[in-house]
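The values are calculated or read from the model by the stated rules, or taken from the named source; none is laboratory data. A quick note: this is a predicted structure, and the numbers were derived from the prediction, not measured. Backbone-built Cβ (ideal geometry, glycine too); neighbour counts: all protein chains shown.
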Amino acid sequence: MTTDWNSMDNESFRAQVRDFYDRNYPAELRNVWRYLTWDEVKDWWPKLYAKGWAAPSWPAEHGGMGLDATKQLIFHEERLDVSRGPDFGGIVLLGPVLIEFGTPAQKREYLPKILSGEHRWAQGYSEPNAGSDLASLRTEAVLDGDEFVVNGQKIWTSWCLSCNQMFALVRTDKTVKKQEGISMLLIDLKAPGVTVRGIQNLSGNQSFCEVFFDNVRVPRANLVGELNKGWTVSKALVGFERLLVGNPRHCLFALERLRAIGQAHGLMRDACFVDRFTQLRLDVEDLGALYERFCDIVRSGGVLPPEVSMLKLFATETVQRITEAMLEAAQGLGGTRDEQVFDGLPMDILGIYYLARPTTIGGGSSEVQRNIMSKLVLQLPG
Ligand SMILES: Cc1cc2nc3c(=O)[nH]c(=O)nc-3n(C[C@H](O)[C@H](O)[C@H](O)COP(=O)(O)OP(=O)(O)OC[C@H]3O[C@@H](n4cnc5c(N)ncnc54)[C@H](O)[C@@H]3O)c2cc1C
């Protein structure tokens, strides 16, 4: 029998989530500020799956917890020190799309494997000349009988070395307006003709990949939604999770480390440092208030307005400013990748600094967010 979590009072639910994570989540995987690999989470994932908690937002009939917006926020708040694993692509992005647009056969085949961790999904959207201007993508899928033949390249594919499947946007009609000739396909990354290459980022992790398709045959049954309607399907992906990017947790994580560095270096008596620290602290308070404003909209069943771009901008630019202050406050120690301990807190300052850099690019760059604000919120002339 499935539990009706939504009928439980909020504090009892919060206590249950906290207790489960305290008992089961590996201590060494807490507060790791980077995405974990499948190897790192593969022993923990079956516990979450067995508990029935792998997919908090999915409806119970598909194996999710069926949480309403308030309970989802509590669930996320109680996991602020839990690192994101390669579950993101399947649980957060693809699952809800298959529930809405998938055929009965796709739901039967894929949803249980997402939940169990057997399938880990990468998001294959960006290409070398199609990032902000995604509709220009050129990876092509041509129908040949009951199969598509896929040729082309994707890039910046997160966690792909931990994934074995990809949902990809591909061009299926070159003769129409850019957005109208795109389809979404489910591609097995182990199929012949697929090559996945890791890209080493600044911090030394291979968190991205480039993926090449050379005459890869994909069953027609793997088309999600209608042919040439992939743009509409892909737009359905951005929803509740967009809000979580604006969660102040990364800022709080970095601010606590900035405080520890200041404490250890006696900077809490330096007026310049205290002034900078206080400004950052107040910005994080403001970010928390802004985040709550958008949470309230979700809680009351509303649709997130384009102003949510402001939250993404403010969260990512604030975390970059805090990590810059950390680097400077640590002086010579900020320039090494060795783990340092400040005021009892271990940290890799340069690693944290590096990880904050791409946050203003992924999920839509700051410039693109500003364009959205100028057009849709401020209605400035284009
Ligand atoms: C951490 C991270 C994770 C990612 N994960 C994935 C993933 O899993 N799957 C995936 O498909 N992609 C992923 N991406 C790719 C990401 O979606 C793209 O990097 C992003 O959309 C920007 O595209 P681009 O890199 O091609 O840059 P471009 O679009 O070429 O932009 C280059 C510069 O020009 C600016 N610019 C572009 N257009 C405009 C405009 N109209 N007005 C003003 N300025 C503009 C941009 O802001 C940027 O500064 C990820 C990126 C990052 C950083």
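Quick rundown of the values:
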| item | result |
| --- | --- |
| Residue in the stretch 368-375 that is in contact with a Lys or Arg (Cβ under 6 Å, 6 or more places away or on another chain), assigned to a helix (DSSP H, G or I) and within 16 Å of the ligand (Cβ to nearest atom) present | yes |
| Single condition residue 147 does not satisfy, out of (1) under 17 Å from residue 62 (Cα atoms); (2) more than 16 Å from the ligand (Cβ to nearest atom) | (1) |
| Residue check for residue 359: polar (S, T, N, Q), modelled with pLDDT under 95, part of a helix (DSSP H, G or I) and not assigned by TED's automatic domain parsing to the domain that holds residue 203 | yes |
| Qualifying residue in the stretch 312-325 (condition: within 16 Å of the ligand (Cβ to nearest atom), touching a His at 6+ places or on another chain (Cβ under 6 Å) and outside any loop (DSSP other than H, G, I, E, B)) | yes |
| Selection from the stretch 208-235 of residues that are in contact with a strand residue (DSSP E or B) (Cβ under 7 Å, 6 or more places away or on another chain), charged (D, E, K, R) and within 16 Å of the ligand (Cβ to nearest atom) | 210 |
| Those residues of the stretch 173-186 which are touching a residue at least 12 places away in the same chain (Cβ under 8 Å) and either part of a loop (DSSP other than H, G, I, E, B) or in contact with a Gly (Cβ under 7 Å, 6 or more places away or on another chain) (or both), in sequence order | 173, 174, 176, 182, 183, 184 |
| Residue among 143, 169 that is assigned to a strand (DSSP E or B) and closer than 22 Å to residue 365 by Cα | 169 |
| Scope the stretch 115-140; condition within 16 Å of the ligand (Cβ to nearest atom) and either in a helix (DSSP H, G or I) or aliphatic (A, V, I, L, M) (or both); matching residues | 122, 130, 134, 135, 136, 137 |
| Boolean, residue 179 is in contact with a His (Cβ under 6 Å, 6 or more places away or on another chain) and either closer than 20 Å to residue 134 by Cβ or not hydrophobic (A, V, I, L, M, F, W, C) (or both) | no |
| Which listed residue is modelled with pLDDT of 90 or more and assigned by TED's automatic domain parsing to the domain that holds residue 252, from 336, 316 | 316 |
| Hits in the stretch 363-382 - residues which are surrounded by 12 or more Cβ atoms within 10 Å (Cβ to Cβ) and at pLDDT below 90 | 363, 364 |
| Pick from the stretch 81-132, criterion of a type in the set (Asp, Glu) and touching a residue at least 12 places away in the same chain (Cβ under 8 Å), ranking: farthest from residue 39 (Cα to Cα) | 100 |
| Filtered residues of the stretch 49-66 (kept if touching a residue at least 40 places away in the same chain (Cβ under 8 Å) and either outside any loop (DSSP other than H, G, I, E, B) or surrounded by fewer than 17 Cβ atoms within 10 Å (Cβ to Cβ) (or both)) | 49, 52, 59, 60, 62 |
| Any hit, the stretch 296-307, residues being buried (at least 18 other Cβ atoms within 10 Å of the Cβ), within 16 Å of the ligand (Cβ to nearest atom), in a loop (DSSP other than H, G, I, E, B) and not basic (Lys, Arg) | no |
| Criterion (more than 21 Å from residue 122 (Cβ to Cβ), surrounded by 13 or more Cβ atoms within 10 Å (Cβ to Cβ), within 20 Å of the chain's Cα centre (by Cα) and in the same structural domain as residue 81 (by TED's automatic domain parsing)) met by exactly one of 18, 30, 14, 34 | 30 |
